[in-house]
Structures are given as C-alpha cells and as structure tokens.
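First the structure, in the form of structure tokens, and then the observations on it.
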Amino acid sequence: MRSRPVHNAMPTPPAETSGLRRVRIMAAFAALAVAGCTSFSGGADQPAVNPNIAPANYKAAIMAFLQNDPYALVGLREAALSPPALMPFGTESRYAACLRAQGPDWKKEKMIIFYAGEINQFVDATGDACAKAAYQPFPEIVAVLNQLAGKKK
C-alpha cells in the first residue's frame, strides 16, 4: 500500500493584483505616517505656554507690527496708547493695550491683544473695552506711519 505524502505547508494565497498590492502598501505607509506623527509630536513633554506673560517693550512691538500692515492708519495726526493691562475676555484674562488714533477726518480706537507676550490680535475696540484705559501720547507711531505714507508715493 502506498502512503500519501503529508502536506504540512500552508496553502499558497492567490496572487494579488497589482492594484490591490498598491492599496495595501499605501495603507501601510499611511499607518506609519500617523504613528510617526503621534509619537514624535511631544505634546505632553512640552511645557505649557503661559498666555499671560506681560509684553516686554510693547511700544516697539506695536510699531513693528503696524509697519508691516498699517491698518488704514496712514495719515495719522495724533495717537495715544495705554500700557498693557490684564483685561477679561470671556472666562479668561489677557494683556491688552488700547490705541486711540486720529486722522484728518477720522477717529479710531483699536485694541491690541497679547498672548504669551506677543501681539495676537489688532482689532476695533468695542463697547467699553477701552473706557478706563490710561492713554499716554504716542508720537513715535505718528512719525513711523507718516514716514510709510511718504515712501508709498
């Protein structure tokens, strides 16, 4: 009697199509990319940023900010600025300064909001946001913006 050979080997899977193989390879790369982003982001290892760091040299920061985009303040004739103070914004507080600007036929009141000591927003002051601001003359910005106006001609 003849014995039959015993096959302990796993059956060979059917050949994959090249399209299916590409899909599997791309899925594997995508999984590796996502895993790499989460493992190297270091979100938990980085110290939290204190949003309420008092802005150092805020006048120079405001002048540099406005030189990049003067926000229709070109033609400014008079300006006054309040020193940054903690102001409530919803449930949190942030350092903010108020800028009162006057041109030949316009007046504006702006609020400069700081986050971690840096300018974060430059917006119109609304309501009583700047009602208690301790304004001080800010002639430096008048000179800077008028100099910009002269260069654009």
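Would you check which residues across the stretch 121-153 are over 17 Å from N57 (Cα atoms) and either touching a Phe, Trp or Tyr at 6+ places or on another chain (Cβ under 6 Å) or in a helix (DSSP H, G or I) (or both) and list them?
Correct list: V142, A143, L145, N146, Q147, L148, A149, G150, K151, K152.
Filter the stretch 42-81 down to the residues that are surrounded by 15 or more Cβ atoms within 10 Å (Cβ to Cβ) and of a type in the set (D, E, K, R) and list them by number.
Once the filter is applied, which keeps residues that are surrounded by 15 or more Cβ atoms within 10 Å (Cβ to Cβ) and of a type in the set (D, E, K, R), the stretch 42-81 yields only K59.
Of all residues in the stretch 103-120, count the ones that are in contact (Cβ under 8 Å) with a residue 24 or more places away in the chain and in a loop (DSSP other than H, G, I, E, B).
4
Look through G150, G90 and report the one residue that is over 25 Å from I53 (Cβ atoms) and surrounded by fewer than 10 Cβ atoms within 10 Å (Cβ to Cβ).
Working: G90 fails: over 25 Å from I53 (Cβ atoms).
Result of the check over G150, G90: G150.
Throughout, read-outs are computed from the coordinates displayed, never taken from laboratory work. All values reported here derive from a predicted model rather than from experimental measurement. Positions of Cβ are backbone-derived with ideal geometry, glycine not excepted, and every protein chain shown enters the neighbour counts.
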